[in-house]
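Structure, as structure tokens:
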Amino acid sequence: MKISKAAAAAAVAVALSLTVTACGGSKQDAATDGGASGGAKDKLVVGIKYDQPGMGLKTPDGKFTGFDVDVATYVAKELGYQPDQIEFKQAVSAERENLISNGDVKFVVATYSINDKRKEKVDFAGPYFLAHQDLLVRADDTSITKAEDLNKKKLCSVTGSTSAQNVKTKLAPEADLLEQGGYSECLTGLENKAVDALTTDNSILAGYAAQDKNKGKFKLVGLNLSNENYGIGLKKGDKELQTKINAALKKMVEDGSWQKAVDKNLGPANFKSEPAPQITEGS
């Protein structure tokens, strides 16, 4: 049977229409999944730190511990995900914005201080924790009692961190700054006397000092060099997710889970945290 040219053209148009619809459907599905592009809908990909005891740590047996991990798990639960549906992805300081912008993670909970420069690239929910920048030195070092003492000394922090730049530009411009990929490298340098001090937030430093292998080796100087409001980073413009995460954080504080997580993860270092901060992002 002969098919007219008009009928053939119509058939092709219908086929193309169905193909476009199908493609559109899979795009929508990908957009509503829990994280990295192409990920399954039943997985939520969250960026955390792997090397911060007390906050975000991947243990040798592949488990994840720390206050940020507990916050991420609680928020995920409020978003409808169980712990076995969470996929944690390493979020080093210098890569956090890229992970979010590229869609590699749904959000980042990684001692991520909220500031205007970062808000040009990503949005935040929270804050959910208030830390202060401090210095970690060797336990027997009495030469560093204030930030200005770092002039002519070797200071270590991680690439992309606000802490080192804060010291270098505002407090000790003559400090010899060494930036490493992670805090663990800085800690090794501090122990080996390759550097004189490690700077970052007191919550992170307390976690390192409290580890069994480090007890007695280091001490916090006890300075409040800055206020660091930790937020949960997410893709810019995702107001729906921001609202949901803020609601989860508020609930975590109200039902007592926030304080329990602080006590469990930071209590062993005799670290006294500030009260849970008021949520300001998205309001």
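The values are calculated or read from the model by the stated rules, or taken from the named source; none is laboratory data. Given the structure is predicted, the values throughout are model-derived calculations rather than measurements. Glycine also receives a Cβ, built like all others from the backbone with ideal geometry; neighbour counts cover every protein chain displayed. The protein model used for the area step is the full one, side chains on, heavy atoms only, and it has no ligands, DNA or RNA in it. Shrake-Rupley method; radii C 1.70, N 1.55, O 1.52, S 1.80 Å.
Points worth noting:
- Filtered residues of the range 66-98 (kept if on the phi > 0 side of the Ramachandran plot and surrounded by fewer than 18 Cβ atoms within 10 Å (Cβ to Cβ)): G80
- Per this entry, S184 is not counted among residues that are touching a Ser or Thr at 6+ places or on another chain (Cβ under 7 Å), open to solvent by less than 70 Å² (accessible area, probe 1.4 Å), closer than 30 Å to V46 by Cβ and of a type in the set (S, T, Y).
- First in the range 107-125 and farther than 15 Å from N227 by Cβ, second anywhere and assigned to a strand (DSSP E or B) and among the polar types (S, T, N, Q), Cβ under 6 Å, 6 or more apart: none
- Selection status of L190, open to solvent by less than 50 Å² (accessible area, probe 1.4 Å), modelled with pLDDT of 95 or more, closer than 21 Å to S113 by Cα and not small (G, A, S): no
- Strands (runs of 3 or more DSSP E) (entirely within the range 111-213) containing at least 3 residues that are among the aromatic types (F, W, Y): 122-138
- Residue within the range 257-274 that is more than 23 Å from K168 (Cα to Cα), β-branched (V, I, T) and in contact (Cβ under 8 Å) with a residue 40 or more places away in the chain present: yes
- Exactly one residue out of A125, A131 is within 30 Å of F218 (Cα to Cα), of a type in the set (A, V, I, L, M, F, W, C) and in contact with a strand residue (DSSP E or B) (Cβ under 9 Å, 6 or more places away or on another chain): that is A131.
- Some residue of the range 130-143 being surrounded by 15 or more Cβ atoms within 10 Å (Cβ to Cβ) and among the polar types (S, T, N, Q): yes
- Selection within the range 78-106 - in a helix (DSSP H, G or I) and either farther than 19 Å from Y128 by Cα or free of Cβ contacts under 8 Å to residues at least 40 places away in the same chain (or both): P83, D84, Q85, A94, E95, N98, L99, S101
- Of V122, V109, V92, V105, all but one fail to be within 21 Å of V262 (Cα to Cα) and either among the β-branched types (V, I, T) or in contact with a Cys (Cβ under 6 Å, 6 or more places away or on another chain) (or both); the exception is V109.
Rundown of residues vs (1) open to solvent by 20 Å² or more (accessible area, probe 1.4 Å); (2) not in a helix (DSSP H, G or I); (3) not charged (D, E, K, R), yes/no style:
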residue: L223; (1), (2), (3): yes, yes, yes
residue: Y230; (1), (2), (3): no, yes, yes
residue: L234; (1), (2), (3): no, yes, yes
residue: E240; (1), (2), (3): yes, no, no
residue: M252; (1), (2), (3): no, no, yes
residue: W258; (1), (2), (3): no, no, yes
residue: A261; (1), (2), (3): no, no, yes
residue: K264; (1), (2), (3): yes, no, no
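- A247 in a helix (DSSP H, G or I), hydrophobic (A, V, I, L, M, F, W, C), touching a residue at least 12 places away in the same chain (Cβ under 8 Å) and open to solvent by less than 30 Å² (accessible area, probe 1.4 Å): no
- Close pairs from the range 147-160: first farther than 13 Å from P173 by Cβ, partner open to solvent by 40 Å² or more (accessible area, probe 1.4 Å) and not charged (D, E, K, R), Cβ under 6 Å, at least 6 apart: C156/L178; V158/Q180; T159/A94; G160/A94
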